[in-house]
Each structure stands twice: as C-alpha cells, then as structure tokens.
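Read through the structure below, which is laid out as structure tokens, and then see the notes.
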Amino acid sequence: VHLQASGGGLVQAGGSLRLSCAASGRTVSTYTMGWFRQAPGKERELVARISSSGILAYSADAVKGRFTISRDNAKNTVDLQMNSLKPEDTAVYYCAAVTSWAISFVSDRYSFWGHGTLVTVSS
C-alpha cells in the first residue's frame, strides 16, 4: 500500500485546513487508518484514527472538537478536517494504515506510512 498525504500549508491561527490521504496499490477499506503528527523536537503522536467501516473514530484530547477524521472507501481516501488551528498544531502530519482497530492506538503497529505533509500555523 502506498499512502500519499496532501493538503498541508501555512495558515493563520483560527484558520482551517483539510488534509487528504490517498491510498494506491491496494484498497485500504479493511484497514483502520490513522493520522499522526510530529512537531520539531517532539515525539510522534496519534492525532486521530478511524475504523475500516468508519463507524469508530477517535481524536486525541488536544484536537477534540477541532479535528475530524473521515474516510471514503470507494475513493480509497482518508481525510482530516482541521478547524480552529493553533500554533501548537504546527507539525508534519502523516497518515498510516493498521490492520485492526484494537491495536490502532499503538503507532509501532501501523504497517504502512505515507510521507508527511507540513502544517504551519502562524500566530
């Protein structure tokens, strides 16, 4: 599975961005998908994850109420809508695929990773 993240950029605090992750090579409809981010000097952290069917979704406390993860299995894509962005949301964002919702809270269990897309939020 090849994952390609896009949609990053520079935005002012309070603004919005929509990240998209396009999968190719194989359908990801059976995979739980996650969005991670890594800020300079910090560890990678899970931002949001969504089950293969889209029924289950989780958002980290830091982004809850502001970020929404969604997927379109027909298009083989997973999106992250980011609203009310803050400077502390500045990071490289990655999408990734894991075989099961049950292990999707552990980043090391993800099998496939895309190249990141940089999000910069100015104050």
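Of note:
- For the chain, the dipole from Cβ point charges (+1 on Lys and Arg, -1 on Asp and Glu) about the Cα centre works out to 140 debye, to the nearest 20.
- Listed residue (Leu56, Gly8, Pro87) projecting farthest to the positive dipole end of the chain, Cβ model: Leu56
- Computed from backbone phi with θ = phi - 60° and the Karplus coefficients 6.51, -1.76 and 1.60, the 3J(HN,Hα) list for the range 21-27 is 10, 9, 9, 9, x, 6, 5 Hz; x is used for glycine and proline.
- Where GluC sites (Glu not before Pro) fall in DSSP loop in the range 1-105, at most 14 other Cβ within 10 Å: Glu43
- Potential extension, Gln38-Ser84 segment - 0.36 nm per residue separation minus Cα distance: 14.7 nm
- Sites Arg66 and Ala102 - FRET efficiency at Förster radius 22 Å, r taken between beta-carbons, to 0.05: 0.25
- Cα radius of gyration and Dmax for the range 70-123 (Å): 13.3, 38
- Straight-distance crosslink candidates among lysines, where the alpha carbon sits under 25 Å from Lys86 and sequence neighbours closer than 8 are dropped: Lys42, Lys64
- Point-charge dipole on Cβ atoms (K/R +1, D/E -1) for the range 50-114, about Cα centre, debye to 20: 120
- Computed across the chain, the Kirkwood hydrodynamic radius from all distinct Cα-Cα pairs reaches 14.1 Å.
- Simple spin-label estimate for Thr27 and Lys75 gives 1.7 nm between the two label positions (7 Å along the Cα-to-Cβ direction from each Cα).
- Using a probe of 1.4 Å, the accessible surface attributed to Leu19 totals some 0 Å² when neighbouring protein chains are kept in position.
- Projecting the Cα atoms of His115, Asn73, Leu19 onto the charge dipole of the chain, computed from C-beta unit charges around the Cα centre, puts Asn73 farthest toward the positive end.
- Considering only Leu85, Leu17, Leu56, the Gaussian network model of the chain with Cα springs below 10 Å gives its largest mean-square fluctuation to Leu56.
The values are calculated or read from the model by the stated rules, or taken from the named source; none is laboratory data. None of the values given here were measured: they were computed from a predicted structure. As a convention, Cβ positions derive from the backbone with ideal geometry for all residues, glycine included, and neighbour counts pool all protein chains shown. The area values use the complete protein model at the heavy-atom level, side chains included, leaving out ligands, DNA and RNA. Shrake-Rupley method; radii C 1.70, N 1.55, O 1.52, S 1.80 Å.
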